[in-house]
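One structure is given here, and the rest of the page talks about it.
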Amino acid sequence: MIIHQIEELRKLIKSWKKEGLTIGLVPTMGALHNGHLSLIKKSVEKCDRTIVSVFVNPIQFCPGEDLEKYPRTLDADTKLCEDAGVSIVFAPSPKEMYGEGHIMSNDFLTYVIPPFFYVNKLCGKSRVGHFDGVCTVVNKLFNIVQPDFAFFGEKDRQQLIIIKKMVHDLNIPVEIIPCPIVREESGLALSSRNKYLSENGKKEALVLNRILFNIKTCYNKGIKDVEALTETAYSFLNANHTLEYLEFRDKNNLEEKKVADDNTIVFIALHVENVRLIDNIEL
Ligand code: AMP
């Protein structure tokens with residue numbers, strides 16, 4: 001079943017709460033694939049009721065990004081959710097979420113702003129304001145759905161760390177459940193944006209996975225120096241790749257590592273055919 005209106009969803013949730021049912025929320029932007037499905041399955045398993053939100057959130061896109069062309073496949077998404085045992089697909093319009101006009105502006109809208117230390121690096125560096133948009137919409141979804149559990153993918157690891165921080169700092173009564181990255185057999189991490197890649201681009205995109213897994217192999221062999229580990233990446237790159245960042249950071253607070261350890265995550269962002277791809281691996 002699909003619901004577009006906040007009030008309608010609220011009524012239903014109220015009745016579920018009265019019955020003492022647990023609620024899981026899986027926030028998405030739609031164009032669902034097996035990565036999303038793994039979160040959905042986890043929620044359906046763990047919770048009495050699962051809500052999947054499908055909302056291409058305008059305020060998390062920066063000027064010049066792919067807001068207009070972002071894939072929208074609501075019918076297929078709804079079918080996939082129904083087959084997976086989801087109770088409700090919540091698909092509000094931007095107007096339903098933010099009201100008319102001025103939606104991109106924090107002059108007229110209350111934002112939730114994550115700490116600067118968490119957003120001034122990795123994806124936040126090139127996508128200025130992105131995580132403000134993410135935290136604002138996720139906070140709104142938490143308030144609307146009041147879930148017991150919310151499921152987020154490790155694919156967007158910086159996002160996951162920032163959401164956990166927000167939940168902790170603002171005492172939001174929800175448990176965040178992290179879910180491992182789902183990959184194609186080739187190793188490419190599933191992403192709705194992979195649809196923008198040509199067949200050849202998909203092959204070129206395997207470089208992210210190769211760089212990360214090679215770093216992990218080197219780390220397991222005893223190389224801990226981050227400079228040395230970073231250097232191993234360069235032999236994989238060619239003219240079809242534009243590296244945005246390759247960074248080693250602490251898995252809890254995103255502090256930079258000079259020497260890798262078991263709390264280190266290696267983050268990569270790289271452009272292929274003008275498509276921005278991200279991936280990460282835990283050492
Ligand atoms: P999105 O629709 O891209 O905003 O993603 C919605 C949720 O699905 C986020 O928590 C993502 O981290 C998660 N997700 C997307 N792709 C994957 C993947 N390949 N593996 C695991 N989780 C994913």
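The values are calculated or read from the model by the stated rules, or taken from the named source; none is laboratory data. All values derive from a computational prediction rather than experimental measurement. Cβ atoms come from the backbone with ideal geometry, glycine included; neighbour counts cover every protein chain shown. Just the protein is used for accessible areas: all its heavy atoms, side chains included, with ligands, DNA and RNA removed. Shrake-Rupley method; radii C 1.70, N 1.55, O 1.52, S 1.80 Å.
Structural remarks
- When residues in segment 264-283 are screened for being in a strand (DSSP E or B), more than 12 Å from Glu204 (Cα to Cα) and in contact with a Lys or Arg (Cβ under 9 Å, 6 or more places away or on another chain), 11 of them pass.
- Sole residue being closer than 29 Å to Val128 by Cα, surrounded by 18 or more Cβ atoms within 10 Å (Cβ to Cβ) and within 16 Å of the ligand (Cβ to nearest atom), chosen from Ile59, Ile51: Ile59
- Test: residue in segment 5-25 that is β-branched (Val, Ile, Thr), open to solvent by less than 20 Å² (accessible area, probe 1.4 Å) and within 16 Å of Met97 (Cβ to Cβ): no
- Candidates Thr242, Thr232, Thr217, filtered to the one that is without any contact (Cβ under 8 Å) to a residue 60 or more places away in the chain and within 20 Å of Gly124 (Cβ to Cβ): Thr242
- Criterion: under 21 Å from Ile265 (Cα atoms), away from the ligand (no atom under 16 Å from the Cβ) and modelled with pLDDT of 95 or more - qualifying residue of Lys164, Lys125, Lys79, Lys121: Lys121
- Matching residues, segment 35-70, being assigned to a strand (DSSP E or B) and hydroxyl-bearing (Ser, Thr, Tyr): Thr50, Ser53
- Residue within segment 189-207 that is within 25 Å of Cys47 (Cβ to Cβ), among the aliphatic types (A, V, I, L, M) and touching a residue at least 40 places away in the same chain (Cβ under 8 Å) present: yes
- Selection status of Gly187, over 22 Å from the mean Cα position of the chain (by Cα) and either within 16 Å of the ligand (Cβ to nearest atom) or not in a helix (DSSP H, G or I) (or both): no
- Residues in segment 258-274 that are surrounded by 19 or more Cβ atoms within 10 Å (Cβ to Cβ) and of a type outside the set (Ser, Thr, Tyr): Ala260, Ile265, Val266, Phe267, Ile268, Ala269, Leu270, Val272.
- Filter result (open to solvent by 40 Å² or more (accessible area, probe 1.4 Å), touching a helix residue (DSSP H, G or I) at 6+ places or on another chain (Cβ under 9 Å) and in a loop (DSSP other than H, G, I, E, B)) within segment 74-100: Gly85
- Test: Asp48 is of a type outside the set (Phe, Trp, Tyr), under 20 Å from the mean Cα position of the chain (by Cα) and at pLDDT 95 or above: no
- Candidate set from segment 20-45 (those that are of a type in the set (S, T, N, Q) and near the ligand (Cβ under 8 Å from one of its atoms)); member that is nearest to the chain's Cα centre (by Cα): Thr28
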